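Visitor: Below you will find the structure I want to go over with you.
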Amino acid sequence: MSLSIDIREEFGVRTLHFGSEWIQGAMRIARPWNLELDYTKEMMTSLLFREETRFPRKVLLIGLGAASLTKFLYRNYPLAKLTVVEIEPSVVAAARQFFKLPEDPKRLKIVIGDGAEFVANSDQTYDLILVDGFDANARAGALDTLPFYQVVRAHLSEEGIMAVNLLGHSRGYKSSVERIRNAFDGRVLAFPSCDSGNAIAFAVVGEPVCISIDDLKEQAVILKKETGLNLLATLTRLEQAQTCKGGMLEI
């Protein structure tokens, strides 16, 4: 059964659908490199967790969608090598035709295949692994299992980070976070759901992430100046949710 790809446009925003109302990706036509959907912005909060200026150099993205995360990293991190694994060839074709997915084999490798299988068979490690893969029925399948998260952990570099998009309004959300917690020995932070119902969870290896909210906000100001991405509202929401005890984010 082939995937039904549906492209829509409204108020200057082009959206990707898999034959339903559920938005799989979005692009503001006037600003194709910017992140449009809140949850994609929140996944990029991971860029604030490590002070190392070289981070990230190697990125693996599982699930392409409208190529929002791919384009943002490609545009703003010219030293980063990106690998994207997408199971549906038609999604890649749509991203090229409608969402300005760059063609640059030296910096951007597109793999048609199963994300879980790709990681399991890879001999590479990555500084940042972004997991955002769902089918038309909002199911993540093998991408939300303990063995998968364990394999991801094994393929992170010394101070690597995984960010995964979960559905915070679904009944399986807490179980998903628990699987990540088990795979990463408790080193996980789940953000409160954003308005769309997406919830982002981060897991890390290596040196502990221990940053004050104030320092995060300072870094967010620099990130906004350099890339246009404004994460200050995200950090305020995180603070209000009392996720960070004593004003410290610790993973």
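Visitor: Could you work out how much longer the chain between residue 230 and residue 212 gets when fully extended? Use 0.36 nm per residue separation minus the Cα distance between them, nm to one decimal.
Guide: 4.7 nm
Visitor: Could I ask something else about it? Could you check how much of the accessible area of the chain is carbon and sulfur, as a whole percent, using a 1.4 Å probe?
Guide: On the way: 5880 of 12180 Å².
Summing carbon and sulfur atoms, their accessible area is 48 percent of the total for the chain.
Visitor: By how many nm would the segment from residue 174 to residue 221 grow when fully extended, if each residue of separation counts as 0.36 nm and the alpha-carbon distance is taken off? Mind showing how you got there, number by number?
Guide: Working: separation 47, 0.36 × 47 = 16.92 nm, distance 3.17 nm.
Here the answer is 13.7 nm.
Visitor: Sticking with this structure for a sec: What size of dipole, in debye to the nearest 20, comes out for segment 1-124 about its Cα centre when the only charges are +1 on Lys and Arg C-beta atoms and -1 on Asp and Glu C-beta atoms? Provide the component values of the computation, followed by the final result.
Guide: Values: 17 positive and 16 negative charges, 142 e Å.
Rounded to the nearest 20 debye, it is 680 debye.
Visitor: If each DSSP helix of 4+ residues adds -39,500 (n - 2.57) and the sum is divided by the residues in the chain, what number results at 222 nm, nearest 500 deg cm²/dmol?
Guide: On the way: 8 runs with 76 residues, N = 251.
It comes out at -8500 deg cm²/dmol, rounded to the nearest 500.
Visitor: Roughly speaking, what is the stretch gain from residue 31 to residue 241, that is 0.36 nm per residue apart minus the C-alpha to C-alpha distance, in nm to one decimal?
Guide: Working: separation 210, 0.36 × 210 = 75.60 nm, distance 3.09 nm.
Once the chain is fully extended between residue 31 and residue 241, it gains 72.5 nm.
Visitor: Separate question: Say R0 is 30 Å: what FRET efficiency, to the nearest 0.05, do residue 90 and residue 51 get from their beta-carbon distance? Please list the in-between numbers first.
Guide: Details: r = 40 Å, r/R0 = 1.33.
In this case the efficiency is close to 0.15.
Visitor: Search the structure for amide H atoms under 5 Å from the amide H of residue 81, placed 1.01 Å from N in the peptide plane, and list their residues when 5 or more places away or on another chain.
Guide: 58, 59
Visitor: From the residues 85, 228, 200, which one has its Cα farthest along the dipole of the chain in the positive direction, the dipole being from +1 and -1 charges on Cβ of Lys/Arg and Asp/Glu about the Cα centre?
Guide: The Cα lying farthest towards the positive end belongs to 228.
Visitor: Restricting attention to segment 50-87, which trypsin sites (Lys or Arg not before Pro) occupy a DSSP loop and are surrounded by at most 16 other Cβ atoms within 10 Å?
Guide: Details: sites: 50, 54, 57, 58, 71, 75, 81; in loops: 50, 54, 57.
Passing both the DSSP loop test and the Cβ count: 54, 57.
Visitor: Modelling each spin label as a point 7 Å along the Cα-to-Cβ direction, I'd like the residue 13/residue 125 distance in nm, to one decimal.
Guide: In this crude label model, residue 13 to residue 125 measures out at 3.9 nm.
Visitor: Please list the non-local residues whose amide H lies under 5 Å from the amide H of residue 157, H modeled 1.01 Å from N, same-chain partners needing a gap of 5 or more.
Guide: 126, 127
Visitor: How many Å² of accessible area per residue for the chain, probe 1.4 Å? Please report the intermediate quantities before stating the final value.
Guide: On the way: 12180 Å² over 251 residues.
Ligands and nucleic acids excluded, the figure is 49 Å² per residue.
Visitor: Same structure again: So if I take the centroid of the Cα atoms in segment 103-158 and the same for segment 57-90, what is the distance between those two points in Å?
Guide: 11 Å
Visitor: Output the pairs from 41/174; 109/217; 81/217; 109/174 with a Cα-Cα distance over 30 Å in this structure; if there are none, say none. List each step's numbers first, then the result.
Guide: On the way: 41/174 22 Å; 109/217 33 Å; 81/217 27 Å; 109/174 33 Å.
Where the Cα-Cα span goes over 30 Å, the pairs concerned are 109/217; 109/174.
Visitor: Sticking with this structure for a sec: HN-Hα J couplings of segment 34-43 from phi, Karplus 6.51/-1.76/1.60, θ = phi - 60°, integer Hz, Gly and Pro as x?
Guide: 7, 8, 9, 8, 4, 5, 5, 4, 5, 4
Visitor: Normalise the Debye intensity by I(0) for the chain, one equal point scatterer per Cα, no solvent, then take log10 at q = 0.07 Å⁻¹ and round to two decimals.
Guide: Here log10 of I(q) over I(0) equals -0.21.
Visitor: In nm, give the distance between the simple-model label positions of residue 79 and residue 21, each being 7 Å from the Cα along the Cα-to-Cβ direction.
Guide: 4.6 nm
Visitor: Using amide H atoms built in the peptide plane, which far-off residues or other-chain residues are under 5 Å from residue 205 H to H?
Guide: Here 160 satisfy the definition.
The values are calculated or read from the model by the stated rules, or taken from the named source; none is laboratory data. All figures in this text were calculated on a predicted structure; none of them were measured in a lab. No Cβ is skipped: glycine too gets one built from the backbone with ideal geometry, and neighbour counts run over all protein chains shown. To get the accessible areas, we keep the full protein, side chains included, count just its heavy atoms, and leave off ligands, DNA and RNA. Shrake-Rupley method; radii C 1.70, N 1.55, O 1.52, S 1.80 Å.
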